[in-house]
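Shown next, in structure tokens, is the structure this report addresses.
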Amino acid sequence: MRMVDIIDKKRNGGELTKEEIQTFVDGVVSGEIPDYQTSAFLMATYFNDMTDAERSELTMAMMKSGDHLDLSSIPGIKVDKHSTGGVGDKTSIPLAPIVAALGIPVPMISGRGLGHTGGTLDKLEAIPGYKVEISEDEFKKQVKDQGLAIVGATGNIAPADKKIYALRDVTDTVDSIPLIASSIMSKKIASGTDALVIDVKTGAGAFMKTLDDSRELAKALVGIGKGVGMNCMAIISDMNQPLGNAIGNALEIKESIDLLKGQAPADITDLVLTLGSHMVVMSGKADDLKTARAMCEKTIEDGSALKKFGDMIEAQGGDRSVIEHPEIMPQAKYKIDLPAKSDGVVSKVEADEMGIAGMLLGGGRQKADDKLDYAVGLMMNKKIGDAVKTGDTLLTIYSNREDVDDIKDMLYKNIEISDSAEPITLIHETVR
Ligand code: URA
């Protein structure tokens, strides 16, 4: 079977067979299919979508491209969470220790930044020494001993996704329902988790911009999970403006630590507690969401979640003193305030453009092999609904270059100040 014929069929809107999909995935992993053909296939899929059957076949072929972790030696119901990607979305970092502090094993396999969105692994690597790549045995041992681990798709978990994910990032083929669904679910099925909560983002900063598309993605993800017997549900949460105040790797780690100390902005705290409550109910440790939320809150109040975070950092080779001394992470040379040019109420903060600004400062990748600058990013000082006066700081730019006029221009174009603002709904729906 020739790859060019498979590309041709998808380009012309045909439905691929199981064998054709398998040929594509095998060729990607073996390296027989060159990147230019993989990229062409991804673009054809982007434009022509896939049927439910193709989505499931692609997911299963990607899942089977590597190992399937057997976590059965770890007692208890293992629960994971995955986000479809957003700006300022550091949710996983405080969430895993909160849930693990309740005795629920959290085997979390995360990703790197994609497009304008940040990645949990890139953020964790801002912590000196933190290793995101550990062996499968180390991963299992850590989840057993510490109750949690946040790692990259270890060694041989869905190697097809690793290759495809990196190419999607640089070929503008990220925001595609079959490609997102197969990417997430291949890793999650292979990771051996029993239950999964998916945070599907919707809005300007999400890959799915409308509630309808986000709902379709949520249904595709949950459908694939349930199809293989996983206890799986999704929430659809808002991503029109950045989540929390921090955008950028080290800045987001600092905000995650603040959350575990009970000192983070309301939106990110609320989302973490909502996701945590669902995870606790799925684990069987609580019967209802209200009880589960109170349990999660208690781990923040009594410091047990913060301790868990420190234990995880240490187990993965990182310096746990970051909890008390976040300044051990890379620090930006320049902090440049962006003043408001008029009085009014902030009515728009385009999350995707804030993410791109962070990327252009060096916090994200423009090419697959770009090195990241962990120190840079943005700290929002005003968000949608906040009143401002001329000269008030809208946000602070953390930069390692002095001249950020290009960034300032783009930020001004994407933050609107009006007479009033539409209220933001943080959690839109639940999909089961
Ligand atoms: N997260 C993933 O793992 N894959 C995607 O495609 C998007 C978000």
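Taken together, the values in this text are just the output of simple stated rules run on the coordinates, not laboratory data. None of the values given here were measured: they were computed from a predicted structure. Cβ placement follows ideal geometry from the backbone for every residue including glycine, while neighbour counts extend to all protein chains displayed.
Worth a mention:
- Antiparallel bridge percentage (DSSP; both residues within the chain; nearest 5): 60
- Unsatisfied cross-links (Cα-Cα over 23 Å) in the set K90/K131; K81/K201; K9/K219: K9/K219
- Whole-number percent relative contact order across the chain, with pairs defined as alpha carbons under 8 Å at least 6 apart: 19
- Tensor-based shape of the chain (alpha-carbon gyration tensor, a/c under 1.5 rounded, otherwise prolate or oblate): oblate
- The distance linking the stretch 342-361 with the stretch 31-68 is 34 Å (Cα centroid to Cα centroid, whole angstrom).
- Helical runs assigned H by DSSP (4 residues or longer) give the chain a calculated mean residue ellipticity at 222 nm of -13500 deg cm²/dmol, each run adding -39500 (n - 2.57) before division by the residue total.
- The stretch 1-120: relative contact order in percent, alpha carbon pairs under 8 Å with at least 6 residues between: 22
- Signed unit charges on C-beta, dipole axis of the chain, positive-most listed residue P34, L361, I127: I127
- Partner lysines for K285 [C-alpha distance under 16 Å; skip if fewer than 8 residues away on the same chain]: K78, K298
- Here is the size of the stretch 287-427 from its Cα atoms: Rg then Dmax, 18.9, 54 Å.
- Taking Cα centre as origin and charging only the Cβ of basic (Lys, Arg, +1) and acidic (Asp, Glu, -1) residues, the dipole magnitude of the stretch 92-173 rounds to 80 debye.
- Entries in K141/K162; K307/K335; K187/K413 that, when Cα-Cα distance is taken, lie over 28 Å: K307/K335; K187/K413
- Distance from the stretch 130-201 to the stretch 91-111 (C-alpha centre basis), Å: 14
- Convex hull volume per residue, computed on the Cα atoms of the stretch 38-175, equals 123 Å³.
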